[in-house]
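Asker: Structure incoming, see below.
Every read-out reported here was derived from the displayed coordinates using simple, explicitly stated rules and does not represent laboratory data. In this text, all values refer to a predicted model and were calculated from it rather than measured experimentally. Glycine gets a Cβ as well: all are built from the backbone with ideal geometry, and neighbour counts include every protein chain shown.
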Amino acid sequence: MTDITQKFPAHQHPDDVAVLHQDDKTILLVGTAHISKQSVDLVEQVINDEQPDTVCIELDDKRYEALSKQKRWENLDLKQVIRKKQLSTLLVNLVLSSYQKKLGTQLGVMPGTELLRAAQVAEENNITVALCDREVRVTLRRAWHATSLFKKGYLVATLFASLFDNTELDEEKLTELRNKDVLSELMNEMGEALPAAKEVLIDERDIYMAEKIKAAPGKRIVAVVGAGHMEGIKRVIGQDNRSRIHEIDTIPPVSRIWKIAGWSIPAAILLSIAAIGFRQGAGEAGANALYWILANGIPSAIGAVLAFAHPATIFSAFAAAPITSLTPVIGAGYVCAFVQVMTQPPMVKEFESVGNDIGRLRGWWQNKLLRIFLVFILTGLGSSIGTWVGGYRIFTNLFQS
């Protein structure tokens, strides 16, 4: 059974710190706001005062590396990101980082500073550091998988709307953002609007972090987590959820229904063209095949032109879209993004300025990294339009008397 008290045996701290006794461990749970200077000071004070055996922080390997390494962009292989079909995940990370950075600029502290400082203070005191959060890619993919098609559109629209929100926060609002109760309320609002996403983004991570904190070496643990996770971790830390870790740390596979649907559309297109050839002659089949090529190639190429893509990318969009539309394995957007990386690779300075450029409409065309995302989005959109237009024309011709 977990016993929660308000004070440490030797030191007294604010309500942002809770003490949990779990078996033979004493866990000092520190709730922070990721954009608060006060949280940075609190974390440093608690670790120095308590000298724990281990400091757990709400980061995974990738996020820790992003925070701690100033030149992290030099190691980012965009070609590998595209091959692994992780462009969407990277874009969401950039959007979220940009929004947090915007808030951090107004608050005078960059997001995640208190987490990085926790690791630094632990290392200065020769204390073990344990990263206790789930990999962000797994979290995002699970959240996307759990969200309905309508809510997916809502999520995407909300994310991109946050990019161009230039509202200046007054002192009252800035003070609220540092208050853990407000953060918890935001989590509750998310639960009401997107219950499935909230379960993945908050509830599953509460369980994951609680188990990682309990498994940390030593008998006295300081765990630094976002204030929105405090109540959830306190609620589940007394439970034995070790058997759930594998399940919630796995990206769900694509359902059989979606796989069948993904292959059924191109199969129907090809069979329809063949049927037209059988019933109306090879000339009609060729005309419909040509229409398919143009219906897919032209909108996708237009998308590349609108993104100010390299000429080779524009040609690739026209050539790839009619083919990629006939297979769910890879989309035209990924092919064109890869060609764009090869022909106009972004420079280091553009990686470093992406946080500012992503919030300006013009910045998406000026920054070569963001232009790759534009290519990915617009050529994929053009190919999707072409698939529906071309498919409708072919099916119409098939059933003509």
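Asker: Students often get this wrong, so check it: of K62/K212; K62/K368; K37/K234; K62/K85; K62/K214, which have C-alpha atoms separated by over 20 Å?
Answerer: Working: K62/K212 17 Å; K62/K368 23 Å; K37/K234 24 Å; K62/K85 17 Å; K62/K214 22 Å.
Going by Cα-Cα distance, K62/K368; K37/K234; K62/K214 fall outside the 20 Å limit.
Asker: Within the set of other residues whose C-beta is less than 11 Å from the C-beta of P52, count the net charge using Lys and Arg as +1 and Asp and Glu as -1.
Answerer: 0
Asker: For a footprinting-style exposure proxy, rank D41, D49 by other Cβ within 10 Å, fewest first.
Answerer: Details: D41 12, D49 15.
Least crowded to most crowded, the residues run D41, D49.
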